Amino acid sequence: MKQVFRIVITGTSLLLGSLALLSCGGAKDEKGTETGEKSYLRTRDDISKNVRQYFEEMSKENIAFAETFYGDEVEVWVNDITVNGKEAYVARLNRIHKVLLKDMTFEKLHVHTNHFSPEALTMEGKTVGEMNPGEETIWSNAWAIVNATGRVTGKEITFRMHMDFRTLDGKVVNMLAYYDPAQLNAEIAALEASEAPDEEAAP
């Protein structure tokens, strides 16, 4: 009886061990073949912490931090607006934080970072490795509720925003931002009106 019990226990252990080995292997497609796709997500890594620090520094209007955060040739897409290069984007940040808005905060901020396998599938049927040959593909995703006050109108501004940052060699080389621009556009219009030269009085 003890021998039978020992055989059952041993057999069960071997079965569980085999299942564990299978679960640790690469992902399998519909045909059961190895795909080699092993992307992973982090929230406490240095890149995620750096992105969180970026939002903290922006809330302090510390634009100098952006100089170290973005790469020189960063490509930025804000909704349908394209900004090329760190110099141009830092100029935009300066105008937003020093001229357009004040008291900016980021409520309910969430950040996580995706480390993509070269075998991960991306757009147009290509893999990440084909899209970015010889490079790491690391994207951080962040979302928050942005709160601020318009410097011209004094109005409270609140909107949800989603931002993505691609980091390569310690610098952000691509950034995407999505939000409803209605409130911001109204503040921009008020600012532009305040900056327009007064019409000369008729003689």
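How would you order 42-55, 149-162 from highest to lowest mean count of nearby Cβ atoms within 10 Å?
Taking the mean over residues of other Cβ atoms within 10 Å, the ranking is 42-55, 149-162.
Collect residues whose amide H, placed 1.01 Å from N in the peptide plane, falls under 5 Å from the amide H of Tyr70; neighbours closer than 5 in sequence don't count.
Residues meeting the criterion, in which the H sits 1.01 Å from N, are Val172.
If I model a spin label at Thr43 and Tyr178 as a point 7 Å from the Cα along the Cα→Cβ vector, what separation in nanometres do I get?
My value for the distance between the label points is 2.1 nm.
Please list, ordered by chain and number, the residues whose modelled amide H lies under 5 Å from the amide H of Val111; skip anything fewer than 5 residues away on the same chain.
none
Would you mind ranking Glu136, Glu61 by Cβ crowding within 10 Å, fewest neighbours first?
Lowest count first: Glu136, Glu61.
Of the beta bridges DSSP finds with both residues in the range 41-194, what % are antiparallel, to the nearest 5?
Given both bridge residues lie in the range 41-194, the antiparallel proportion sits at roughly 90 percent.
When the Karplus curve 6.51 cos²θ - 1.76 cosθ + 1.60 is applied with θ = phi - 60°, which whole-Hz ³J(HN,Hα) does each residue of the range 99-106 get, with x for Gly and Pro?
10, 8, 10, 9, 6, 6, 9, 10
May I ask you to sort Thr122, Thr113 by Cβ crowding, counting other Cβ atoms within 10 Å and putting the fewest first?
Fewest-to-most Cβ neighbours within 10 Å comes out as Thr122, Thr113.
Quick one: which residues, 5+ away or cross-chain, put their amide H under 5 Å from the amide H of Arg151? H built at 1.01 Å from N.
Here Leu101, Lys102 satisfy the definition.
Before anything else, pin down the relative contact order of the range 41-194: Cα pairs under 8 Å, at least 6 apart, normalised by residue count, whole percent.
About 23 percent, as a whole number.
For the range 57-67, in order, what is each residue's ³J(HN,Hα) by Karplus, 6.51 cos²θ - 1.76 cosθ + 1.60 with θ = phi - 60°, in whole Hz (x at glycine and Pro)?
Residue by residue, the range 57-67 yields 5, 5, 5, 8, 6, 8, 5, 4, 5, 4, 5 Hz.
Apply the Karplus curve 6.51 cos²θ - 1.76 cosθ + 1.60, θ = phi - 60°, to the phi angles in the range 185-197 and return the couplings in whole Hz, x for Gly and Pro.
Whole-Hz 3J(HN,Hα) from phi for the range 185-197: 5, 5, 5, 4, 4, 5, 5, 4, 5, 6, 8, 5, x.
Bear in mind that the values in this text are calculations on the coordinates, not laboratory data. Being a predicted model, the structure only gives us computed values, none of them experimental. We place every Cβ from the backbone using ideal geometry, glycine too, and count neighbours over all the protein chains shown.
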